[in-house]
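Down below is the structure, laid out as structure tokens.
Values quoted throughout were computed directly from the atomic coordinates according to the rules given, and no laboratory measurement underlies them. The shown structure was predicted, so the numbers you read here are calculated from the model rather than taken from an experiment. Neighbour counts are summed over all protein chains in view; Cβ atoms, including those assigned to glycine, are modelled from backbone coordinates with ideal geometry.
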């Protein structure tokens, strides 16, 4: 893990996920209060381990990925970037324990992850939220992402948000 991949904000620390996080990830992803709305729903222990292996590999290959979010040393959530299986590109994701909600931690963490992505020259980042998920839509809007398109999935309207930055070379012109 590169030290530059660790992000510290005013209240939280984002650390790239690693095998030391497996117990916290299992608890987070098995909680219906956290993962029921995520694509694929709650995860089994085996699924969490497989996803963690993919996340560790993605960091190594792309220099961006998923972070464990800690507040005072306690794992309160997860945020970061991954390649969408549907080919839409690099997507921002976040999920937080119910006890951590309502304090702006998701906005703080997701915003930090989005800034990191653009600093790494990821020019377009998307996020997908169920139209009925007002909390996620609010976070995405608050960090500067804008609705770009939509699609139907399992009878629900899914909104695709995006954040586009100019290539780093263009930023100096």
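Alpha carbon centre of segment 1-74 versus segment 130-169: separation in Å? The distance from the Cα centre of segment 1-74 to that of segment 130-169 comes to 21 Å. Could you tell me which of rounded, prolate or oblate describes segment 1-85, using a ≥ b ≥ c as the square roots of the eigenvalues of the alpha-carbon gyration tensor, with rounded for a/c under 1.5 and, failing that, prolate when a/b is larger than b/c and oblate otherwise? Oblate shape, in that a/c is at least 1.5 and b/c is the bigger or equal ratio. Judged by the gyration tensor of its Cα atoms, with axes a ≥ b ≥ c, segment 65-156 is oblate; a/c meets the 1.5 cut and b/c is at least as large as a/b. The residues 19, 59, when put in order of fewest to most other Cβ atoms within 10 Å, stand as 19, 59.
Please grab the % of Cα pairs in segment 3-171 that end up more than 26 Å from each other. Counting every Cα pair in segment 3-171, those more than 26 Å apart make up 23 percent. Bridges between two residues of segment 3-171, per DSSP, are antiparallel at a rate of about 95%. A simple spin-label model places pseudo-atoms 7 Å from Cα toward Cβ; at residue 38 and residue 8 they are separated by 2.7 nm.
Extension gain, residue 57-residue 124: 0.36 nm per intervening residue step, less the Cα-Cα distance, totals 22.0 nm.
With both labels modelled 7 Å from their Cα along Cα-to-Cβ, the residue 27 to residue 151 distance reads 3.5 nm.
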